[in-house]
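Accompanying notes for the structure given below.
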There are 2 protein chains.
Amino acid sequence: MEIERKYLIKELPDLTKYRFVAIEQGYLNTKPVVRIRKKDNQYILTYKGSGLLAHEEIEAQLTADAYYHLLEKIDGHPITKKRYLIPLDPYTIELDVFEGHMDGLIMAEVEFPTIEEAEAFIPPEWFGEEVTGDRRYHNSEMIFGNPLK
Amino acid sequence: MEIERKYLIKELPDLTKYRFVAIEQGYLNTKPVVRIRKKDNQYILTYKGSGLLAHEEIEAQLTADAYYHLLEKIDGHPITKKRYLIPLDPYTIELDVFEGHMDGLIMAEVEFPTIEEAEAFIPPEWFGEEVTGDRRYHNSEMIFGNPLK
């Protein structure tokens, strides 16, 4: 179960001191989500049950061969992005800097242990508009083209 | 974790008193297994990690729409079979009567709680050759044609 809030970024902080992981992912199905993801040298199959703020999530390991086999079966475009992990005590911001056909989009996600904490969260100054629940900012929408253009 | 032994059936018992479920399934990937299955009116995504006698298995619900969307992406043929559940105290025999391109194959699987019980199992008289670990009898091999012909 994942409880998270999502924001667009208006002003990027200095990222040079943070490490990032290179992510490439694609969707075999979007409802429910059946996703493949390459994260540095890890290959992962993810299933996400329905629901917007809270949803069931299952992960399983793939081999590189399996990943590239399944990559040929994805719907629409793959999504590529650099993900930075930025501490914001006691949470961690996942900052996604998109590339490829979504180049220009920068989005932050924060995950919470409870719905109460999610509701009480005050975003830092450099966060922009909240887009939690806005389907246009779901990766599963972006695969069919850039929904922001 | 599943521990099971598999047998071919030489002599079919009277099945009229047992109920069956109609199963259709296909493989998006075979190593590791990423399988979709229609079981009566249930649609299930299954992941199976590697290993022959014992392997990790994860199941997740699909919608009918998701199932038919993913069915277009499977490798090779779908597999169709009728599955009978036959009690064999304290176990349950899963008897698969194959249809379609595997018509003629009848196979029984018995699942055990421990490897010790699996090793101590004495099959009933009507079971034929044991094929546990014989890759030709893996559904993931049958999708590319009938390996017994």
Matching residues, the range A:96-147, being more than 17 Å from A:Lys81 (Cβ to Cβ), among the β-branched types (Val, Ile, Thr) and touching a residue at least 12 places away in the same chain (Cβ under 8 Å)
A:Thr114, A:Ile115, A:Thr132
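From the set of residues in the range A:1-32 that are among the β-branched types (Val, Ile, Thr) and touching a helix residue (DSSP H, G or I) at 6+ places or on another chain (Cβ under 6 Å), which is nearest to the other protein chains (Cβ to nearest Cβ)?
Of all residues in the range A:1-32, those among the β-branched types (Val, Ile, Thr) come to A:3, A:9, A:16, A:21, A:23, A:30.
Now narrow it down to the ones that are touching a helix residue (DSSP H, G or I) at 6+ places or on another chain (Cβ under 6 Å): A:3, A:30.
Working: A:Ile3: 20, A:Thr30: 9 Å.
So the residue we want is A:Thr30.
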Filter the range A:43-57 for residues that are modelled with pLDDT of 95 or more and more than 9 Å from chain B (Cβ to nearest Cβ); the one that is nearest to A:Val131 (Cα to Cα) is A:Thr46
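Which of the strands (runs of 3 or more DSSP E) found entirely inside the range A:1-52 contain at least 3 residues meeting this: under 29 Å from A:Thr63 (Cβ atoms) and free of Cβ contacts under 8 Å to residues at least 40 places away in the same chain?
On the way: elements: A:2-9, A:20-30, A:33-39, A:42-48.
Because the criterion is at least 3 residues that are under 29 Å from A:Thr63 (Cβ atoms) and free of Cβ contacts under 8 Å to residues at least 40 places away in the same chain, the strands (runs of 3 or more DSSP E) in the range A:1-52 that meet it are A:33-39, A:42-48.
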The range A:63-85, subset without any contact (Cβ under 8 Å) to a residue 60 or more places away in the chain, closer than 14 Å to B:Leu28 by Cα and surrounded by 15 or more Cβ atoms within 10 Å (Cβ to Cβ), residue farthest from the other protein chains (Cβ to nearest Cβ):
A:Leu71
Residue check, B:Ala60 free of Cβ contacts under 8 Å to residues at least 24 places away in the same chain, small (Gly, Ala, Ser), within 14 Å of chain A (Cβ to nearest Cβ) and not in a strand (DSSP E or B):
no
Would you mention how many residues in the range A:92-110 are part of a strand (DSSP E or B) and buried (at least 16 other Cβ atoms within 10 Å of the Cβ)?
11
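The values are calculated or read from the model by the stated rules, or taken from the named source; none is laboratory data. Because the structure is a prediction, the values reported are computed rather than measured. So basically every Cβ, Gly included, is an ideal-geometry build from the backbone, and we count neighbours across all protein chains shown.
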